[in-house]
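Every read-out reported here was derived from the displayed coordinates using simple, explicitly stated rules and does not represent laboratory data. Predicted model, so just to flag it, every value in this text is computed and none were measured. Glycine also receives a Cβ, built like all others from the backbone with ideal geometry; neighbour counts cover every protein chain displayed.
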Amino acid sequence: MSLSASQEKKLREEYDNLQEFLVPEKQATWLEKKEDIIRFCVELEIELYNIVSLKQIVVSRLLTELVDHFSIPLNLLNAAQHEQWQEQEQALRWRQYFAKSLENEQSHLRQIHENAHLSVADQYRKTQSVAPQTLLTNQDMLDLFNVHDFDSDEIWRSEPFSLTELSKEQERQLKQLVQRSNEEQKDLFLPVNHDGHWFYLLKQEGAWSLQDSQPFKDEQLSPRQHSMLDESQELITKLTDGEVKLLEFKTSGNQLDDYTCGTEVINAYRQKVVGNDYERTHSEILRELLKIQLDEQEFQEIPMALLNDHLVDYDLEYSDDVDDDDALAQLTKQQQQIIATTASAQIEKEQAKLYRNNLKDLVIAVTKKGLFANIENKMVDLSEPALDSAEAKDHESDKDFAKRLQEAWCRKAGLNY
C-alpha cells in the first residue's frame, strides 16, 4: 500500500510548513530533502500532514529523527542502506511510534468530544459545578455577544464562527457583512475560533488585522499563530475579493493561561463599544453566562458555595486586615492573572483554594511592603518544566512552598517587586 495521489498532493502542500517544528539549523535540510522524505512517506503510507495534531514536543522529536536520517551524505548512506532503513526495524519503529501517537491523540479528542459541554449552563446542569478554567464555547460567545447593552451602530460584528469549520452559507453571510460595512464605512469585529482558541479579526478605518491575546513564542509567531494567520489571510482574501493581500498580526499578550481567550475577545469588543475602562475577569464572565443561560429559578437555586467559592473572583477576596478597594487598586492585571493561573493549575478544589488565598495574600504583601523578604532558597531554574514539577522541601509547609513557588513565577513573568 502507498499514499493515494490526493494524499501525496496534500503532503506536498503541507510539507514546507512543517519546518517550523525543527530547530533553525535543521530547517534548510528539511527543505532540501523534501523529495526523499515525501517518497519515503508515500511508499510506507505515512500521512505525515496529520503530525500537526500531536503535541509540539512529539512533532519536533519525530521530524528531527526523519531529517537526521535523510541528512546523512549519500556517500555514507548508499541506496541499499536507505532501502533497508525504509523496510526494516528503524523505519518500522518510527512509523509505529507515529501511528500510535496519532491513535492516542484521536482517542483523546474523542473523549473530549464525549465529555464536552455545549455551554457553561450545560456544564452546570450535568455536573452541578463550573470549572474555573472552563473554555467558552460557541454558544457561550453567542450569548455574550447578544447582550444588548453592548450593541453599537459604529462597530459592526458577526456571530462567532469556527475558522476551520466555516460553512459556505456562513462564508456567504460574512462576505455580505464585509461588503455592507465597506459601503457604510463601519468598523467590523469578527470573533473567530481556531481549534478551540478564540481571537478576532478587526477592520478598523479600512485596515484589517488579526488580534490575538496569547504572547508570541520567543518574539515570533507560534506554530498555532502561524496557522491562524495563514487560514485567516485565506478567508479575508475571499471576503474582500482579493483586495486584502496582507493581514497584520497583533497580540495583546495578556493571556497567560490556556482558557481565558474567550474572555479576552469579549473584553476587547465591549471596550470598543463602551470604552477601555470596561474589563471583566474570567470568573465574572462565567457567572454572567450562568445568569444568562439558566432560568431565574435555576439561577436562584445555585448553591452559594459555588458562586462565592468555586467561581470566586480572585481579585475580590483578601485578608481581613486589607481593605478590598485598597487591595484592588494595588493589584495590576498581570498580578491578578498570575494568581488565577497558578491557582487554577491545582486539580483538587481545596488545594486550589489554598493556593489562591495564599498567593493573593502574598502579592498584596509584596505590593504593600515591597519584597519577598521572608523567602529562602529561591528557585534558580525558572523553566516551566522545573516549576511545574517543583516540590516542597523537607519540613516545608504547603503555605511556605506556595509562596516560594509564586515568587519564582513572579520572577519568570517579569513582575517588578
Using the structure shown, select from 26/100; 250/399; 250/272; 100/250; 238/291; 175/245 the pairs with a Cα to Cα distance greater than 27 angstrom.
250/399; 100/250; 238/291
Can you work out the FRET efficiency for the pair residue 100 and residue 246, with r the C-beta to C-beta distance and R0 = 51 Å, to the nearest 0.05?
0.80
